[in-house]
């Protein structure tokens with residue numbers, strides 16, 4: 001009996017000494033033993049790793065977004081069409097209107113030495129077509145009028161009532177210098193003279209004579225073919241026989257400033 005008591009006392013003493021050490025060992029990190037999983041149950045899976053953060057965005061862009069894709073023009077659209085090329089080709093039409101100074105003189109017969117002169121209107125129409133780049137041939141009408149002209153004869157000068165008109169038909173050639181749109185024009189024509197009183201009745205006239213017209217002009221484009229401008233005109237004629245006295249021959253000169261509108 002005494003031996004049993006001593007054995008129990010010894011066990012209790014050893015247990016008291018070992019208990020604090022066991023408690024400290026269990027509290028130490030990583031000292032846990034393998035987890036005991038009840039039969040029929042699967043062990044819990046390890047937690048998934050956190051996703052990687054998005055790449056850093058370039059300065060000036062929202063986080064998680066890169067620069068926008070390159071811009072492309074809308075399908076079906078290209079550069080704007082080039083403006084139409086202004087050129088001289090095809091049909092040719094020139095309309096002239098202006099005014100200036102016209103002088104008529106007579107030689108031979110009763111009217112020899114007579115001079116008729118003054119200012120008035122001038123107009124012309126030319127119609128034709130291109131034969132080469134910037135070069136055209138045309139037929140034209142030429143006209144100049146002197147209203148209430150001065151008549152000088154035998155050393156005396158008077159102002160006549162009515163008017164005197166010089167005009168005729170001809171044909172010529174015109175060439176344009178590009179890109180300045182400057183042109184020169186020359187034509188030969190059949191010219192005659194008619195005088196009218198203040199009521200419009202023809203009082204005298206001449207037969208046809210030979211004439212020449214020269215024009216130098218400058219125009220500015222207002223559309224692909226139309227141009228507006230100004231020109232200086234000279235035309236002269238000679239050999240016009242007076243119908244009342246064929247011994248009298250008239251000649252004429254005219255200087256005019258014209259405003260022109262040309263389709264070419």
**OP:** Go through (1) assigned to a loop (DSSP other than H, G, I, E, B); (2) more than 40 Å from the chain's Cα centre (by Cα) one by one and return the number of the condition residue 193 breaks.
**Re:** (1)
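Criterion first (modelled with pLDDT of 95 or more and surrounded by 17 or more Cβ atoms within 10 Å (Cβ to Cβ)) does residue 175 satisfy it?
No: the conditions fail for residue 175.
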**OP:** Please find, within region 203-238, the residue that is surrounded by the most Cβ atoms within 10 Å (Cβ to Cβ) out of those that are free of Cβ contacts under 8 Å to residues at least 40 places away in the same chain and under 18 Å from residue 117 (Cα atoms).
**Re:** 236
**OP:** Please enumerate the residues belonging to region 109-164 that are over 49 Å from the mean Cα position of the chain (by Cα) and on the phi > 0 side of the Ramachandran plot.
**Re:** 109, 113, 154, 155
Original post:
Across region 131-141, what is the number of residues that are surrounded by fewer than 19 Cβ atoms within 10 Å (Cβ to Cβ) and under 22 Å from residue 179 (Cα atoms)?
Top reply: 6
Original post:
Right, residue 258: surrounded by fewer than 16 Cβ atoms within 10 Å (Cβ to Cβ) and part of a strand (DSSP E or B) or not?
Top reply: no
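The values are calculated or read from the model by the stated rules, or taken from the named source; none is laboratory data. The structure displayed is predicted, hence computed values, not measured ones. All Cβ positions, even for glycine, are placed from backbone atoms using ideal geometry, and neighbour counts span all protein chains on display.
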